[in-house]
1. Report ³J(HN,Hα) in whole Hz for each residue of the stretch 109-115, in order, from the Karplus equation J = 6.51 cos²θ - 1.76 cosθ + 1.60 where θ = phi - 60°; Gly and Pro get x.
2. Between the DSSP loop rule and a limit of at most 12 other Cβ atoms within 10 Å, which trypsin sites (Lys or Arg not before Pro) in the stretch 4-83 are left?
3. Residue 107's amide H: which non-local residues (gap 5+, or another chain) put their own amide H closer than 5 Å, with H modeled 1.01 Å from N in plane and none for Pro or chain starts?
4. What list of ³J(HN,Hα) couplings, whole Hz, do you get for the stretch 24-39 from phi and the Karplus terms 6.51, -1.76, 1.60, once you set θ to phi - 60° and write x for glycine and proline?
5. Given the rule -39500 (n - 2.57) for each run of at least 4 DSSP H residues, summed and divided by the residues of the chain, what is its mean residue ellipticity at 222 nm, to the nearest 500 deg cm²/dmol?
6. Taking the Cα centre of the chain as the origin and placing charges on Cβ (Lys, Arg +1; Asp, Glu -1), which of 157, 58, 6 is farthest toward the positive end of the dipole?
7. Can you list the chymotrypsin sites (Phe, Trp or Tyr not before Pro) in the stretch 82-183 that are in a DSSP coil and have 11 or fewer other beta carbons within 10 angstrom?
8. Of the listed values [x] 16.1; [y] 15.3; [z] 9.5, identify the label whose number matches mean projected area of the Cα convex hull in nm² calculated from this model.
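Since every read-out is calculated from the coordinates, none of them should be taken as a lab result. Because the structure is a prediction, the values reported are computed rather than measured. Here the Cβ positions follow ideal geometry from the backbone for every residue, glycine too, while neighbour counts run over all protein chains shown.
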Amino acid sequence: MKKFRFWTADKIVSFVAIFISLLTLFIFIRQTNIIEQQSHLSVMPYILVETSESGATNTFSIDLVNHGVGPAFIDRTNIRYLGRDYSMQLRDFVAQYLPGTDSVQVINYTTILKGTALRSGDAINVLTVGGGAKSYNDFLKAAKELTKDRFSYEIEYRSIYGDRWRLVSAMDAMEQLPEALKD
């Protein structure tokens with residue numbers, strides 16, 4: 001009578017083939033995740049708010065600039081001042097809520113609405129004020145007071161893949177929104 005042997009050559013080859021198949025599946029899944037991450041990063045917008053000031057021409061500008069590699073789609077803008085939220089344009093906020101800005105002349109502004117697209121490398125002029133020494137100096141005084149009174153702004157935006165970020169002036173950097181906050 002022959003002894004029954006469990007580990008025959010056929011079974012060993014079969015188990016090795018199954019192991020190699022499972023290892024290949026694991027590597028394929030991992031590689032697919034890496035490619036997906038790379039794809040998302042290859043179109044990641046990176047928005048910053050930049051200011052420029054020229055005493056020679058008496059102008060002060062605030063620009064929204066996309067330093068990322070993909071377009072940014074604005075979802076929401078918000079101004080926080082003295083603990084209250086204002087969902088309005090910066091030009092309107094300056095005119096309504098900043099004391100001493102009656103003489104400030106707005107030279108240029110852009111209305112930023114939900115869905116506004118900002119291509120990679122592009123800038124949107126949010127507000128330019130000046131036009132004279134008095135207007136320029138009055139705005140600088142009001143802007144200085146803003147920083148004392150807990151002024152901050154938030155801009156929420158997304159990439160073409162729907163990844164969302166928030167720029168908060170208090171942090172002076174962007175943060176990615178968690179999955180739970182995504183639409």
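1. For the stretch 109-115, the Karplus curve yields 7, 10, 7, 9, 10, 4, x Hz.
2. Passing both the DSSP loop test and the Cβ count: 5.
3. Amide H neighbours of residue 107, under 5 Å, 5+ apart: 128, 129, 130.
4. Along the stretch 24-39, the couplings run 5, 4, 4, 5, 4, 5, 4, 5, 4, 5, 5, 5, 5, 4, 4, 5 Hz.
5. Rounded to the nearest 500, it is -10500 deg cm²/dmol.
6. Going by the charge dipole, the pick is 6.
7. Passing both the DSSP loop test and the Cβ count: no residue.
8. The value matching this structure is [x].
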